[in-house]
Amino acid sequence: MKKLILFLILVIALSGCQASDLFSKFTKQDADQDESRITLENSYQEASGEYTIKYPANWIFEDARENTVVFSGEKETETYQTIIKVQKYTRPEDLDMPESMDKLLNSLQRSTLFQSEKAKFDDEKIYIYQSTGLELEGKELMVEFISKDGKHFKERMIIVPDPDGNSLYYWGYNAPLDLYDNYLNIAESMLDSWQITP
C-alpha cells in the first residue's frame, strides 16, 4: 500500500514538472511571436480616400505619380533599397476583370524582363484580399531577377480588383535578394494593414 502511495506521489510530481515545462514552452513561444510583430506607427491615406495603409515610423513615402505611392526606408539606410508600391490601374472597357488582371500581370512581367538581364517567375497563384468586410479574389506572382547592373532582386506582385469593378490595384514588395527576408515581416505587416474602402 505504501509503495502504491509513493508511486502515485511520484507520478503527480513528474506530471507537475511536465506541465510546468509545457507552460514555459508556450509562454516562450507567445513571447517570441510578440517580438516578431511589427508596430506600424504611421498611416497613409490615398488622396481620394480609396484606401489606407500603415508604414513604419522610420520609413518615408513618395507619391511617385498619379495613383501611385512608393514606401521605403530613409535615404542612406539599408531599408532605402526595400520598396513597397501601391498603384491603381483603370480596367480596359473591352475586357472583363479576369482578363484585365491577366493583361496587367503580363504587362508587369514584360516590364521586369525588359529591365533585367535574367528573370525567373514562379507559377501565379490566387490571392484573396480580406479586410474591411471585403473579400476580393486577385492574383499573386513571385519573381527573382538580375538587373542590368548585375544586382539580384526578389519581388512579390499582388493584383486585386477594386470593389466597384472598374479598376485594379497592384501591391508589390521589391528588395535585393539578400535583404528580402530581413524585411519581409514589415512588408507583410503593411499588406495586412492595407484597407480598401468598400
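Inspection of the stretch 86-98 identifies no residue that is at pLDDT 95 or above, in a strand (DSSP E or B), over 18 Å from ASP164 (Cβ atoms) and assigned by TED's automatic domain parsing to the domain that holds ASN166.
Go through the residues of the stretch 85-100 one by one and say whether even a single one is crowded, with 17+ Cβ neighbours inside 10 Å and among the polar types (S, T, N, Q). For the stretch 85-100, residues crowded, with 17+ Cβ neighbours inside 10 Å and among the polar types (S, T, N, Q): present.
Scanning the stretch 137-164 for residues that are within 18 Å of GLU46 (Cβ to Cβ) and over 16 Å from the mean Cα position of the chain (by Cα) yields PRO161, ASP162, PRO163, ASP164. Residues that are part of a helix (DSSP H, G or I) and in contact with a strand residue (DSSP E or B) (Cβ under 6 Å, 6 or more places away or on another chain) were ranked within the stretch 110-134; the one that is surrounded by the most Cβ atoms within 10 Å (Cβ to Cβ) is THR112. Take the stretch 157-181 and flag every residue that is without any contact (Cβ under 8 Å) to a residue 12 or more places away in the chain and farther than 13 Å from GLU50 by Cα. Of everything in the stretch 157-181, just one residue is without any contact (Cβ under 8 Å) to a residue 12 or more places away in the chain and farther than 13 Å from GLU50 by Cα, namely ASP181. If you go through the stretch 156-191 and keep only what is assigned to a strand (DSSP E or B) and closer than 23 Å to ARG91 by Cβ, you end up with ARG156, MET157, ILE158, ILE159, VAL160, PRO161, SER167, LEU168, TYR169, TYR170, TRP171, GLY172.
Residues in the stretch 65-115 that are touching a Phe, Trp or Tyr at 6+ places or on another chain (Cβ under 6 Å) and under 14 Å from ALA175 (Cα atoms): PHE71, SER72, GLY73, THR82, ILE84, THR112.
The values are calculated or read from the model by the stated rules, or taken from the named source; none is laboratory data. All figures in this text were calculated on a predicted structure; none of them were measured in a lab. We place every Cβ from the backbone using ideal geometry, glycine too, and count neighbours over all the protein chains shown.
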